[in-house]
Structure formats: C-alpha cells, structure tokens
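Scroll down for the structure; my scribbles are underneath it.
The values are calculated or read from the model by the stated rules, or taken from the named source; none is laboratory data. This structure is a prediction, so every number in the text was calculated from the model and none was measured. Cβ sites come from the backbone with ideal geometry, for glycine too, and all protein chains shown count toward neighbours. What goes into the accessible areas is simple: the full protein's heavy atoms, side chains included, and nothing from ligands, DNA or RNA. Shrake-Rupley method; radii C 1.70, N 1.55, O 1.52, S 1.80 Å.
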Amino acid sequence: MADTIYALSSGAVPSGVAVIRVSGPEVRTVTEALCGKTPAPRKTMLSKLRDPATKEIIDEALVLFFAGPASFTGEDVVEFQCHGGRAVVAAMLRVLSDFPNCRPAEPGEFTRRAFDGGRMDLTEVEGLADLIAAETESQRKQAVRQMGGALGWLYEDWRKRLIHMRAMIEADFDFADEEDVPGSVADEVWKEAAALRKEVADHLEKSRSGERLRSGLQVVLMGAPNAGKSSLLNAIAGRDVAIVTEEAGTTRDVIEVHLDLGGYPVTLVDTAGLRETDGIVEREGIRRAEERGRQADLILWAVEPGGVEAGHSQAGLPEDVTNQVPVWTVRTKADLETLPEQDSSGTTKEIPASSKSDEGIKALFDALTRFAEETISVGEAPLATRARHRHYLTDCLSGLGQAVSSDHLPTELRAEDLRRAADSLGRITGRIDVEDLLDVIFRDFCIGK
C-alpha cells in the first residue's frame, strides 16, 4: 500500500494562511483523528484541530476534503487551511508524522501521483511547472493552455491517427485476397501520412516562438570598453546592477536583468567590453561576452559620440555573431532630440538612448517591446515549449518522412516507421518509455506540489 504524504503547500511562514495538504490511503483516518469527522467531499468545514495524543487544540481551521479519484492526485486528499504561524505549522507537521505510514512529501510528489494516476499527462505536468515559474502575462497564458491539456490532446490525436494508419495497413494484409475490397487501403494511408507530416513540420516551425516565450528573449549588450553598456543596463533596470566607473574594462563577467516588456519575458545581459588585452581575467570575460552574443536573439551594440561609424560596422564583434544575430546600434551618450531611424522593413537600425534621458530609455523600451511581440507572439495555438518536445517531434517527423518516401521498400518496413513516429509522440505525453525522464521532470517542483 502506498504511503500517505503530507506537506505545507502554501509557501513560507509566517503568513496569513498556511495550507497543509495530505494525500493517500490514510487521509480519512487522519482527518477523523484531527477533526472528529471527515467533511463531505468538496464542502468546507470549520473545525478545531486536536492533537490525537493529548487532545489539545492546535488551531481552528477550514478543512476541505476531496474523495479519490476526483482529486488532484487521484487519491483521497485533505487540505487543512490553518493560521500561518510557525508554531501552528510545526505542530501540525509533527502530529501528521505520528500517524502510521505517513511521511513528508518529496518535491513534486503530489504532481507525480497525479501523473501516475492518469490525472495528467507529461505535457500538462510541464505546463503546471511553467505556470508556477511564469513571470510575465504571456508566459502565464501559454502555461495555462498547456496545463489545460491542449498540447497533449494535439499529440494524442496525431498518435491515434498513426495507430489508425497502421491498422489500415494490417487490414490491407488480411483482406488482400477479398474480391469485395476495392483497391488498396494502404494507398490512402500514405496520403494521410504525408498530410500529417506537413502538420508536424508546420507545428515544429511555429513552436520556436513557444520555446522562446518560455525561456525569454536573450538581448545582449555588447561594445567597446566605456561605451556606456553598464550605465544603460542600470538605467533600464532602474537600479545599480552593474558597477560604473571611468576605468575601462570594469565589467569582467556577464550580468543579467530580467524584464517584463509588454507581457513578454526579456533577459538583458551586460558583457565585458571587446578589445585586445593581455589580462587573463578580462580575456575570459571577453570570451564569455562573445559566447553570449552567439546565443542571443538580439545584440545591442553600444557606441558613444565619435564611435558611431565604428558602431555601424560593429568593429570587434566576431563575424560569426553578426551573421547569426540581428544587431542594433545604440548611441548611449547621444543627443536625444532625434527619433529612432528605421529601415524599409521597420526594423530599428540605430537608437539614440542616453542613460541620462528618460526619452531615450523609452525609445529603447518601445523598440524592444515591438521586437519581442514580433519574435515570440504565439497566438492561441498549442505549441511545443521544451527541447524534449522538439527532440521527439523531430523523431516523429523522421519516421513519417521515411514511411512516405520509401515506396520502394516493403510495406511492413514502412509500417514500422509509422510505429516509430507514433511512439515518439507517446514519449512526449508520457505514455511510452519515459521512466528515465520522470525524476528529472518532477525534482524541479517545490515541496507541496
């Protein structure tokens, strides 16, 4: 029999209310011992909570009972909504530990039981984790869609279609000699597989926005030493994040600031100034700066008056970076009476954005917000959000491609490619062979969830 688990689910104490959650086969026994009776399912009951050993009152709390399988975990669950004092919570956890087969929950164990009980698939679990971690409105919306099952339903629909295709091929084998079966059923299967292949490919392409939305855009400040990068970072952050001095080469390591621009997550990264140097520490800082530039979604190339021409050519910026990542020139110490210049496509080429001017910072904010909207706006369609999803979708696409294009091979081998594609989709939702992934996924949850 499974243990009954318990945990403080509402975060750190002291607080106004502390929610202590219990799940497992001993829930009714625990509830009756503490409250005298178990409330009706989904009906709140105000009750004095007593220590079963001493009969002393621990607290007066709201008690909410959920009968399995109609609960979050699929088991019987009770929540004690106590006062959030440290002594109250400590007493409750001590009392719960005295019950046989009751133990503290591991991180993510309530959600793990929901998955094991079939209450959630892995995409919903990941959506829940993303919802807890969401920092912006757009991240919240995407996480809610995924937690609600939209992504899992899409992949499960595709998997069922693949299973149906394989069934049609089997039927073609079984009834090949029947005169009343016109034509080949399998011929239609390959048309359907080709159509599904296009759906998966389109979904993968669109999902780049979903992955970026989950992790946030990476915007990297780069330029020569003393070009005003750190002052600009401090102005955008509204606080002294980076050290600013007249001495060149002050910034030696990358410094990150997380921003919410119009509901979109952006990480702004300050880096070491690019120049030739003999200093071991500064050289390492420059190497890290160049590496972050290669990983960026956008580079803000900082220049000061007199360095604008060099800024347009991004002197010192590695060529492989400029070939991969869009670069905007930011005049960090320019007169701010002019508006940002734009090319014919509407992409900002040069922004006068002195750290001493609110107008300049607003111009930069507006330009970055437009960039974020254009780059990671995802709409309402469910999208893959993790590298794990992309890996298995790529496997699925490969299987479909092999099945569709290998018309010179025996049908049995092409059907095996369809099976491989279906299994890849099953691994995303957790239906097939994902045991090795589960500890990794659930260990990142907080205790009590």
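Note on Asp407 and Lys191: the model spin-label points, each 7 Å out from Cα along the C-beta direction, lie 1.2 nm apart. Placing a label point 7 Å from the Cα of Arg94 along the Cα-to-Cβ line, the residues of region 54-71 whose backbone N sits under 18 Å from it are 54-60. Note on Ala237 and Ala53: their simple-model spin labels are 5.0 nm apart, each label 7 Å out from Cα toward Cβ.
Taking the 1.4 Å solvent-accessible surface of region 1-65 as the whole, the part contributed by carbon and sulfur is 52%.
Which trypsin sites (Lys or Arg not before Pro) in region 1-47 sit in a loop by DSSP (not H, G, I, E or B) and have at most 14 other Cβ atoms within 10 Å of their own Cβ?
Working: sites: Arg21, Arg28, Lys37, Arg42, Lys43; in loops: Lys37, Arg42, Lys43.
Filter output for region 1-47: Lys37, Arg42, Lys43.
Taking amide hydrogens as placed 1.01 Å from N in the peptide plane, the amide H of Ile58 sits under 5 Å from those of Leu49, Arg50, Asp51, each at least 5 positions away in sequence or on another chain. Backbone N atoms of region 371-411 closer than 13 Å to the 7 Å Cα→Cβ label point of Arg208 belong to residues 375-377.
Once you order the gyration tensor axes a ≥ b ≥ c over the Cα atoms, which shape class does region 82-133 get: rounded for a/c under 1.5, otherwise prolate or oblate by comparing a/b with b/c? Oblate is the answer for region 82-133, as a/c is 1.5 or above yet b/c matches or exceeds a/b.
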